[in-house]
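Worksheet: the structure to be examined is printed underneath.
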Amino acid sequence: MKPFPQTMKENRRYLVFEVIGEQKFSKEEVSKALWKTMFSMIGTTGAAASGFWIIDFKEEEQKGMLRCNSEWLEFIRGVLCFLTEVNNKKAFIHIIRTSGTIKKAREKTGL
Amino acid sequence: MRKYYDIVQCEEARKHEKKLGFEKMLLASELRLKKGGSLEANRKAVRTKTDVLLDPVSPTGLFFDTAVAQVAKDNNVVIAFSLNSLLSLKGVQRVKMLANMQKALGICLKMKNEVMVISHAEDEYGARDALSLVGLGVLLGLSKPQALWVVSNVYEGLV
């Protein structure tokens, strides 16, 4: 089998985010809210094409990391504006930093 | 370094001003800001002394054409599109509002109007960070440089 050409490989971006809300939320609650927003705004096909994935979420700090394709970065940022509540409590997502590697994202944000 | 500006409805919404990366969050009450959404309201707003015409469109119709855009341009009225108006709607209404906003923004670009993308937050949870508003601009049909411009550029008379 021929190897997958490097030029066709998707470029990923890692977004470190913080959830600011009325209370602290669990990983499951945040994950559920993020996916709900994604599906309502861009649907299943959009979510698949954007390469959206939640990598990590630390409940103590209320900070997490998600992944998407570089071409969809601005679009995903726009979509995440529409998250208004997590587990029926008011909240919003603040994107702290965007990086090309997980290592750099962790280094710069201390996640 | 680029400076970002936003317009919010109350003092409470300015709580995270610096954290969200804004140079200044302007209060709507300090500006001559008028809400559009109907043909009458839009025409009245652009013909009188107004700084900002907020959301010239509504889910029921576009109500914004090249004639209104031209008058707004002549009278230095900034056309603002807010996230709050989208968040307050649900389902089909939100879809229609988004579609009408995209069309109105297209007219603004064609007529070279001054445009802003703002949060117009009602409380601290309605505010969004500067680059998220850039993302919203992209969602509304702007290119990234255009979206950066509409969030970072503050027009004469607003500050």
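Evaluate the stretch B:50-58: report whether one residue or more is over 16 Å from the mean Cα position of the chain (by Cα) and not polar (S, T, N, Q). So that I can check it myself, show each step before the final result.
Going through the stretch B:50-58, the residues over 16 Å from the mean Cα position of the chain (by Cα) turn out to be none.
No; the residues of the stretch B:50-58 include none that is over 16 Å from the mean Cα position of the chain (by Cα) and not polar (S, T, N, Q).
Mind checking whether some residue in the stretch B:101-108 is open to solvent by 40 Å² or more (accessible area, probe 1.4 Å) and in contact with a Phe, Trp or Tyr (Cβ under 7 Å, 6 or more places away or on another chain)? Write out each step before concluding.
The first filter runs over the stretch B:101-108 and keeps only residues open to solvent by 40 Å² or more (accessible area, probe 1.4 Å), leaving B:102-103.
With the extra rule that they be in contact with a Phe, Trp or Tyr (Cβ under 7 Å, 6 or more places away or on another chain), the set shrinks to none.
Scanning the stretch B:101-108 turns up no residue that is open to solvent by 40 Å² or more (accessible area, probe 1.4 Å) and in contact with a Phe, Trp or Tyr (Cβ under 7 Å, 6 or more places away or on another chain).
All of (1) touching a helix residue (DSSP H, G or I) at 6+ places or on another chain (Cβ under 8 Å); (2) part of a strand (DSSP E or B); (3) not charged (D, E, K, R) hold for B:Val46 with one exception: (2). When the residues of the stretch B:125-145 are filtered to those that are surrounded by fewer than 18 Cβ atoms within 10 Å (Cβ to Cβ) and assigned to a helix (DSSP H, G or I), the one that is nearest to the other protein chains (Cβ to nearest Cβ) is B:Lys144.
Within the stretch A:40-70, being without any contact (Cβ under 8 Å) to a residue 60 or more places away in the chain, more than 12 Å from the chain's Cα centre (by Cα) and within 14 Å of chain B (Cβ to nearest Cβ) holds for A:Ser40, A:Met41, A:Ile42, A:Gly43, A:Gly46, A:Gln62.
Can you name the residue in the stretch B:2-42 that is aliphatic (A, V, I, L, M) and in a loop (DSSP other than H, G, I, E, B) and, of all such residues, is least open to solvent (accessible area, probe 1.4 Å)? Spell out the reasoning first.
Initial filter on the stretch B:2-42 (aliphatic (A, V, I, L, M)): B:7-8, B:13, B:20, B:25-28, B:31, B:33, B:39, B:41.
Then keep just the ones that are in a loop (DSSP other than H, G, I, E, B); that gives B:20, B:31.
On the way: B:Leu20: 5, B:Leu31: 20 Å².
Per the criteria, the residue is B:Leu20.
Within the stretch B:56-98, the set of residues being within 14 Å of chain A (Cβ to nearest Cβ) and either part of a helix (DSSP H, G or I) or β-branched (Val, Ile, Thr) (or both) comprises B:Leu83, B:Asn84, B:Ser85, B:Leu86, B:Leu87, B:Gly91, B:Val92, B:Gln93, B:Arg94, B:Val95, B:Met97, B:Leu98. B:Val117 falls short of the stated requirement of being assigned to a helix (DSSP H, G or I) and either of a type outside the set (Lys, Arg) or crowded, with 20+ Cβ neighbours inside 10 Å (or both).
The values are calculated or read from the model by the stated rules, or taken from the named source; none is laboratory data. These numbers come from a predicted model, not from an experiment. Please note: Cβ atoms are built from the backbone with ideal geometry, for glycine as well, and neighbour counts cover all protein chains shown. All accessible areas refer to the heavy atoms of the entire protein, side chains included, with ligands and DNA or RNA removed. Shrake-Rupley method; radii C 1.70, N 1.55, O 1.52, S 1.80 Å.
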